[in-house]
1. Whats the longest run of chain A with zero trypsin sites (Lys or Arg not before Pro) that are DSSP loop and have at most 15 other Cβ atoms within 10 Å?
2. On average over all directions, what projected area in square nanometres does chain B have, based on the convex hull of its Cα atoms?
3. Helix-only estimate, please: 222 nm mean residue ellipticity of chain B, summing -39500 (n - 2.57) across DSSP H runs of length 4 or more and dividing by its residues, to the nearest 500.
4. Take the Cα radius of gyration of the stretch A:38-101 and divide it by 2.2 N^0.38 Å, with N its residue count; two decimals is plenty.
5. With the contact rule set at Cα under 8 Å and sequence spacing of 6 or more, what percent relative contact order holds for the stretch B:1-113?
6. Could you let me know the centre-to-centre spacing of the stretch B:32-100 and the stretch B:1-18, using Cα atoms, in angstrom?
7. Let me see the P(r) profile for the protein assembly as shown: every Cα-Cα distance counted, bins of 10 Å, each bin given as a percent of all pairs.
8. Please find the FRET efficiency linking B:Asp88 to A:Lys100, where r is the Cβ-Cβ separation and R0 is fixed at 25 Å, and quote it to the nearest 0.05.
Amino acid sequence: MFPVEHFLILGALLFSAGLVVIITKRNAIMVLLGIELLLNASNLNLVAFNLLHPSRLDGQVFSLFVIVVAVCEAAVGLAIVLRIYRQYQTSIPDQVSELKD
Amino acid sequence: MSVAAFMLYFFGAVAAMSAIALVWIRQVFYGAILVIICLLSLAGIFALAFAEFLAVTQIMVYAGGILVVIIFGIMLTSKISGKPLVVDHTYRWSGMLAGSAFFAVLVFLINNHAFVPADHADKLLDQSVQRIGTGIMTEYLLPFEIAGLLLLIALIGAAVIAATLKTKSNDVSG
């Protein structure tokens, strides 16, 4: 049995890296990749906490649902990116600022 | 150090390095490859943490589904000039500062809390695939059905959003 803290620290590292990717990248697809990293960091934490309480499988089943939601998010997000690219000829989120002007 | 522990820390190191390299990478295609490497090594970690069903699901969904969708997205949104899609960085130092501060706070909190496992933890997790299968059909049936409905709605919505809808004026004869 491995110490749970190592899983949690890896999850924290993945979450922080995903946060930095979301903040710094100027491309909508890279932002979606960062969101995938965030969701998988939460999955890793759920699996690690399931190691602590193995009499129930709530953590693993909940991370299955997290994977389903991640698939929905990737599909809808990429469809929106394609639509915006066709409309504005750009995939940089900062340049789509029609509501702001 | 046993073989399982070596594999666990190897997969963990690969996942951590690919996630950190994603911060510096500039080409979107390489970024997608790095994310897939990270997610596959996370699947290895899941398999070593007694979550075999989750590991197989992770490999099938991410390597088979999301990778293809993301690479199609990259190909469809890059200008047709033969050059790879390169991104710029904004808010570089503030982003790094926010990420590292968040990481420091999380590590501090994790180190300050003692996680105590329940008794005889190793034995119960052996039949996790069987227990997930019966659990999905009995105890977690309502969330399972809701997740299926959500997936259906999201995929229909994505197809509708990404489709090229013809305007009414072009459609007089139909």
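Read-outs throughout are calculated quantities, based only on the coordinates presented, and are distinct from any laboratory measurement. All values reported here derive from a predicted model rather than from experimental measurement. With ideal geometry, Cβ positions are generated from the backbone for all residues, glycine too; neighbour counts draw on all protein chains shown.
1. Working: sites that count: A:Arg56, A:Lys100.
Between the exposed loop sites, the longest stretch runs A:1-55.
2. Numbers: hull surface 69.7 nm².
Projected over every direction and averaged, the Cα hull of chain B covers 17.4 nm².
3. Working: 8 runs with 118 residues, N = 174.
For chain B, the value works out to -22000 deg cm²/dmol.
4. Numbers: Rg = 17.9 Å, N = 64, 2.2 N^0.38 = 10.7 Å.
Normalised Cα radius of gyration, the stretch A:38-101: 1.68.
5. Details: 76 pairs, mean separation 27.5, N = 113.
Reported as a whole number, the value is 24 percent.
6. 19
7. Computed distribution, short to long bins: 6, 26, 32, 22, 10, 3, 1, 0.
8. Working: r = 20 Å, r/R0 = 0.79.
That gives a FRET efficiency of 0.80.
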